[in-house]
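Only one structure is covered here, and it is reproduced in the block below.
Where a number appears in this text, it was derived from the coordinates with a stated rule and is not lab data. As the structure is a prediction and not an experimental result, all values here were calculated from the model. Note: ideal-geometry Cβ built from the backbone for every residue, glycine included; neighbour counts use all protein chains shown.
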């Protein structure tokens, strides 16, 4: 019976694999001309990578890695610009970092939105809003533009790739995939939405699931003067709310674009490629886009972390005005150190993911009260701090996290490692001087001198 099933499975595979290969080749032949006609516009095409077959061969190489993959994190800068026919055509209306963290089971994604009114010091140009940097270079190309370097300076993250799209391309792309479904959290009305003729119109959205075409999705993501009409205390008239809506649109578009209905439809692929050629610029090669598409299929909403740099009570920015009276955001510490630390640690586990753990925090430096200050940075309810004390030595240069949990507290250990820039040491024997006869000790953290260099802020 086993041999019969094995032979049956073999016959099934022998038939189905060539079938899929034929389908793939048909799709490839349909899009190949379109690819060649737009490739030099969209992608960084050279003589070495022009061939569609060559790009597919790169995609098929098992060990071929994206930039940043060896370091376990790839960062893609997403830029939305008005484009021709819009006021401030080359101003960046949307700035989002699409960050991928590679883990053993599946990738995780975080979206970090940067407000367009963030004020930065641009060498040789003076102080300016971040949204105007993209337009400073004549060719408006992110490769030669200062925008990537500026975002790296602000976040402390290396930017490996960029994707720049204009409003018209966004609308056409959403329409090409048949629209998207978006769950509007609050009903609101905006009576000051800018029109293409530089006037204003009134737009409104109702709470609940909404099917949006490209035009509606663009308005939903761009609205800046929304007044909430459902009786809730929510606020839609700021950049923070707008950034969250943009992230909603981005995720909904990804869900629709990656659906089997879309990727198995050659006409839609052809339509999308045409739109890409007219309205999108990127330094991604085709094989890199294909690999990102494979990764995207494995990401669901529970894996997605949404972050917005804003001026909320626990935010890292504050609102101010520039010397010429314009509204701007500035970092609360007047430098970007806190934002660097925040962006580095956006993948920290959620409250519900932190395991119950008993820990002791010990000061391993000659600086007083370091254990108490470290404990104040541990905000998770499940982590019970049994004691704050001094370590037996005070010459620790780097914070050490001793894991005595036998691998049962992985999220807690990961949190402590990231939060305190600590070295993790797994151990089974607790030093006699630190044994607690009344409680099971899971973790001992000894604070090192590097702790004093970490930024202090509420998480």
- At R0 = 30 Å the Cβ-Cβ FRET efficiency linking residue 381 and residue 319, nearest 0.05, sits at 0.45
- Task: Take peptides 282-289, 417-424 and line them up by average Cβ neighbours within 10 Å, highest first, as a rough protection proxy.
- Result: 282-289, 417-424
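Can you quote the Å³ per residue value for the convex hull of the Cα atoms in the range 351-453, rounded to an integer? List each step's numbers first, then the result.
On the way: hull volume 9.3 nm³, N = 103.
That works out to 90 Å³ per residue.
Could you line up 245, 224 from fewest to most neighbouring Cβ atoms inside 10 Å?
Lowest to highest Cβ neighbour count: 224, 245.
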- Where does each of 111, 295 land when they are ranked from fewest to most other beta-carbon atoms within 10 angstrom? 295, 111
- For the range 65-344, just the Cα set please: Rg and Dmax, both in angstrom. 18.4, 54
- Message: If neighbour count is taken as other Cβ atoms inside 10 Å, put 432, 398, 426 in order from fewest to most.
- Response: 432, 426, 398
- For residue 235 and residue 438, what does the FRET efficiency come to when R0 = 41 Å and r is the distance between their Cβ atoms, rounded to the nearest 0.05? 0.30
- Item | Kirkwood hydrodynamic radius over Cα pairs of the range 303-355, then Stokes diffusion coefficient at 4 °C and 1.567 mPa s, in µm²/s | 100
- By how many nm would the segment from residue 332 to residue 418 lengthen if fully extended, with 0.36 nm per residue of separation less the alpha-carbon distance? 28.7 nm
- Provide, for q = 0.09, 0.12, 0.17 Å⁻¹, the log10 of I(q)/I(0) from a solvent-free Debye sum over equal Cα point scatterers in the range 275-430. -0.49, -0.78, -1.14
- Task: May I ask you to compute the full-extension gain from residue 428 to residue 390, defined as 0.36 nm times their residue separation minus their alpha-carbon distance, rounded to one decimal in nm?
- Result: 11.5 nm
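What does the highest-first list of 68-78, 326-336 look like by mean Cβ count within 10 Å?
68-78, 326-336
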